[in-house]
Amino acid sequence: MTPEPGGQGTPAQRWLARLSLVLAALAVVIVVVVAGLTSLAMLAVGVVAAAVSLSAGYVFLSRRGVLRWLALAVFVLAPVAVIVVYAFRDLLWVAVVAAAAWLGAGMTGRLALAGGQPDWRMPEYPALPPARHPYLIMNPRSGGGKVEKFDLVRKAEALGAEVFLIGGPEPVDVAEVARQAVAKGADLLGVAGGDGTQALVAGIAAGHGLPFVVISAGTRNHFALDLGLDREDPSACLGALSDGVELRVDLGVINGQTFVNNASFGAYAEIVQSPAYRDDKRNTTLDLLPDMLQGHRGARLSARADGTQIDRPQALLVANNPYGTGDIAGLGRRARLDRGVLGVVGVTVSSARQAAGLLRGRHAAGLSVLATEQVEITADTAQIPVGVDGEALVMPVPVTCSISPGALRVCVPRDRPGVPAPKPPVNWARLRHLAGTRRGHARGRHESHQ
């Protein structure tokens, strides 16, 4: 849906906005009319249960022994208790219908507002003539063996690419491999592997102004996801070599090293440094988190960007372009990778009360969210662990993260899944304006004829 000139919206958007408002009103009316004065108690019970669950979740993560398992029991039983209370008062159906109406209001509201968003797609540029000496680095162990499973070596060589397979027991300096390839005449670089390997070679490609090809052969390949590439069939990414277009993508830079997704500091970065983490992620995390959250382990961090100070965050995420609205964990998507800013999220939760306060979302007291071109992280130690695109590193402080706008020429297949439109936040004022647009136009035309 493309909005009409002047931002008034299409007929479909207007009707979706009206439907959203009707569903929201229905959710309120059902509770008030059917439940009457009990509706306030229903709301109070629900809010208290949510706060109790978040608080219990914090205690579970920050304590050991009997208290941890009691907290887990409370975390599970709190929502069950709400259901029992509602059922006992014969109000469970009211809560279910009202929740469904409210969910529907949110979905239709976002659909109505989606068409009015500014251009969220990254512009495409014609690809230069096909590379004469494409050079692809492939990790056969990445993604559970996707390189072999999808026959990527043979398919790439059939398209004229030279392939370097990462093998052997010794670590391979993929950045140096890429440098040597460029020195020998490679005019395109690419990687079939994880995001960490992608970032290292992308930095070399950007430094030499060469196009770069991403092949989604890693486990997660968040970078490929945000580029709109096919993560189910990595061989489809090879289409960039024969029929591609270019995207001009930003690169994050941390102490001189590039990253394509994010750099994480604090709890997660400390935990992944543990030798036991790779073999037993869950138990290692549960064992180390209590000391992290109580301040008994790890460096005391602080971050500063554009005059904003974030003191002693337990977790800090710096992303190459901000993640979507409502995503504070870096698990969502970035519709564009060319905004020229870093997304910074800091979390400080030192008590169960602050954990409950996270119900306020981005307005929570322990949460800092900002966009900036540069952020500096300092600590009370000479070095700090950092997770860079999932790779565990140790860096000297201060650590400086910055953005390099449009540094990387990414060549992607012309025919690819693409990126879905980001979900806008529900803005009730805008929905009311959109829903009443037609009436406003009619009144304006009537007045102009008088």
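The values are calculated or read from the model by the stated rules, or taken from the named source; none is laboratory data. Model, not experiment: these values are computed from the prediction. Because the Cβ atoms are built from the backbone with ideal geometry, glycine has one as well, and the counts that use them run over all protein chains shown. These accessible areas exclude ligands, DNA and RNA; they are computed on the full protein's heavy atoms, side chains included. Shrake-Rupley method; radii C 1.70, N 1.55, O 1.52, S 1.80 Å.
Among the residues of the stretch 151-166, those that are open to solvent by 40 Å² or more (accessible area, probe 1.4 Å) and part of a loop (DSSP other than H, G, I, E, B) comprise Asp151, Leu159, Gly160. Of Gly145, Gly104, Gly115, all but one fail to be modelled with pLDDT of 85 or more and more than 30 Å from Leu189 (Cα to Cα); the exception is Gly104.
Does Asp151 qualify as being on the phi > 0 side of the Ramachandran plot and of a type outside the set (Gly, Ala, Ser)? Yes. Please tell me if Val80 is modelled with pLDDT of 80 or more and loosely packed, with under 14 Cβ neighbours inside 10 Å. It is true that Val80 is modelled with pLDDT of 80 or more and loosely packed, with under 14 Cβ neighbours inside 10 Å.
Do we find a residue being surrounded by 20 or more Cβ atoms within 10 Å (Cβ to Cβ) and at pLDDT 85 or above anywhere in the stretch 288-303? Taking every residue of the stretch 288-303 in turn, at least one turns out to be surrounded by 20 or more Cβ atoms within 10 Å (Cβ to Cβ) and at pLDDT 85 or above. Contact map, the stretch 102-126: residues that are closer than 21 Å to Tyr323 by Cβ and surrounded by fewer than 19 Cβ atoms within 10 Å (Cβ to Cβ) paired with residues that are modelled with pLDDT of 85 or more and among the basic types (Lys, Arg), Cβ distance under 8 Å, separation 6+ or inter-chain. Pairs shown: Trp120/Arg336; Arg121/Arg336; Pro123/Arg248.
The criterion of being touching a Leu at 6+ places or on another chain (Cβ under 8 Å), assigned to a loop (DSSP other than H, G, I, E, B) and over 21 Å from Gly244 (Cβ atoms) holds for Pro140.
For the structure I just gave you, tell me whether Gln374 is polar (S, T, N, Q), out of contact with any Lys or Arg (no Cβ under 8 Å at 6 or more places or on another chain), at pLDDT 95 or above and open to solvent by 70 Å² or more (accessible area, probe 1.4 Å). So Gln374 fits the description; yes.
Scanning the stretch 188-244 for residues that are in a loop (DSSP other than H, G, I, E, B), farther than 17 Å from Leu128 by Cβ and among the aliphatic types (A, V, I, L, M) returns Ala217, Leu227, Leu229. Candidates in the stretch 52-73 are the residues that are within 27 Å of Val31 (Cα to Cα) and among the aliphatic types (A, V, I, L, M); of these, the one that is nearest to the chain's Cα centre (by Cα) is Leu54. Only residues that are under 22 Å from Glu176 (Cα atoms) and of a type in the set (D, E, K, R) were counted across the stretch 186-234, and they come to 2. Among the residues of the stretch 230-245, are any in contact (Cβ under 8 Å) with a residue 60 or more places away in the chain, within 23 Å of Leu342 (Cα to Cα) and not β-branched (Val, Ile, Thr)? Scanning the stretch 230-245 turns up no residue that is in contact (Cβ under 8 Å) with a residue 60 or more places away in the chain, within 23 Å of Leu342 (Cα to Cα) and not β-branched (Val, Ile, Thr).
All of (1) in contact with a Ser or Thr (Cβ under 7 Å, 6 or more places away or on another chain); (2) at pLDDT below 95; (3) open to solvent by less than 70 Å² (accessible area, probe 1.4 Å); (4) not small (Gly, Ala, Ser) hold for Tyr323 with one exception: (1).
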